[in-house]
Amino acid sequence: MDIEVVEGDITQQDVDAVVNAANRAMRGGAGVDGAIHRAGGPAVLEDCRRRFPDGLATGDAGWTTAGEMTARWVIHVVGPNRTRGETDRSLLTSCYRRALEVADELGARSVAFPLISAGAYGWPLDDAVDAALETLRATPTEVEMARVVAFGRSTYDLVSARL
Ligand code: ADP
């Protein structure tokens, strides 16, 4: 699998699936989650309610339609919320691994990822980048291209330097 980094907005990516940094309730939120629900429109929330009546566990992944976005699917993951004391790093790496498993179930060949837990959930950015890249490199998958979408130039530079 090729791994690339771009600076930009996750909702604008021309890929088969975009990954959402969701929360356990799966009913929308701020940051990436808010942007994805805005760009995808009400069909995303409808699908979340229908397919995930009880939400999703931390570290797990599940898919919905991408609604009006260019991508076909959203793969929702729930990263650990460090600001609430969830410090288990395996929950963060699990998000990337499970997202690729769900992508394989869907037959998605290109997947765009945000830096899960690196925003409101308070994971230190350096380690969030390392967790993303090491897990994407180590997970066997049929996905051909994983794109890390860095929000802002300094994050882009950090991810590039580690790629
Ligand atoms: P979490 O709650 O998992 O920490 P956030 O959405 O708060 O998720 O932030 C995760 C990362 O995504 C942060 O680095 C944040 O700067 C970045 N981000 C925020 N909005 C977007 C967007 N529209 N596209 C890509 N990345 C984004």
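Considering every alpha-carbon pair of region 2-162, the percent of pairs per 5 Å bin, from zero through the bin containing the longest distance, is 2, 10, 21, 25, 23, 14, 5, 1, 0. Could you check what % of the DSSP bridge pairs in region 1-111 are antiparallel, to the nearest 5? That works out to approximately 40 percent antiparallel.
What order, most packed first, do the peptides 125-136, 150-161 have when packing is the mean number of other Cβ atoms within 10 Å of each residue?
Working: 125-136: 18.8, 150-161: 15.1.
By packing density, highest mean first, the sequence is 125-136, 150-161.
Considering only Gly34, Gly62, Gly79, the mean-square fluctuation computed in a Gaussian network model of the chain, springs between alpha carbons under 10 angstrom, is largest for Gly34. Normalised by the residues of the chain, what does the relative contact order come to in percent, with Cα pairs under 8 Å and at least six apart? This gives 32 percent for the chain.
On full extension, the segment bounded by Glu46 and Arg27 gains 5.9 nm, given 0.36 nm per residue less the C-alpha separation. Rank Val143, Val19, Val78 by mean-square fluctuation in a GNM of the chain with C-alpha springs under 10 angstrom and give only the top-ranked residue. Answer for the Gaussian network model of the chain: Val143. Here region 2-162 is assigned +1 on the Cβ of each Lys and Arg and -1 on the Cβ of each Asp and Glu. Its dipole about the Cα centre then comes out at about 480 debye.
Every read-out reported here was derived from the displayed coordinates using simple, explicitly stated rules and does not represent laboratory data. These numbers were taken from a predicted model, which means no experiment stands behind them. No Cβ is skipped: glycine too gets one built from the backbone with ideal geometry, and neighbour counts run over all protein chains shown.
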